[in-house]
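To keep things clear, I will list the structure first and then write my remarks on it.
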Amino acid sequence: MRTEEKIICNCCKRVIVEKNDIPKREYLHVEKKWGYFSEKDGEKQEFDICESCYDTWIRNFKLPITSQEITELL
Ligand SMILES: [Zn+2]
């Protein structure tokens, strides 16, 4: 979740990034515009998840996520 000055994890309410700080933590930002075939037609949803909640989340997946080592860091 984003406010003027920070990004907060929607799942655990921890502050992930303070806007004036150098971002030291990574997080997942999801933005989804639901379309006609969904039950949320025309709705835009957004949330932010910290890395530890992300890890907990994907551990519950029935199929493991695709993961790949990146050699070239941007
Ligand atoms: Zn979290």
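Laboratory data are not the source of any read-out in this text; all were calculated from the coordinates shown. Keep in mind that this is a model prediction, so the values were computed, not measured. A quick note on method: Cβ atoms are made from the backbone with ideal geometry, for glycine too, and the neighbour counts reach across all protein chains shown.
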Efficiency of FRET between E4 and R59 - r from beta-carbon atoms, R0 30 angstrom, step 0.05
0.35
Cα-only Debye scattering, the range 6-59: base-10 log of I(q)/I(0) at q = 0.25, 0.30 Å⁻¹:
-0.92, -1.09
Cα-centred dipole magnitude for the chain, charges only on beta-carbon of K, R (+1) and D, E (-1), debye, nearest 20
240 debye
Neighbour-limited loop hits for chymotrypsin sites (Phe, Trp or Tyr not before Pro), the chain (at most 15 other Cβ within 10 Å; DSSP other than H, G, I, E, B):
W34, Y36, F37, F61
Note down the nm distance, to one decimal, between modelled labels 7 Å out along Cα→Cβ at V30 and at E72.
3.0 nm
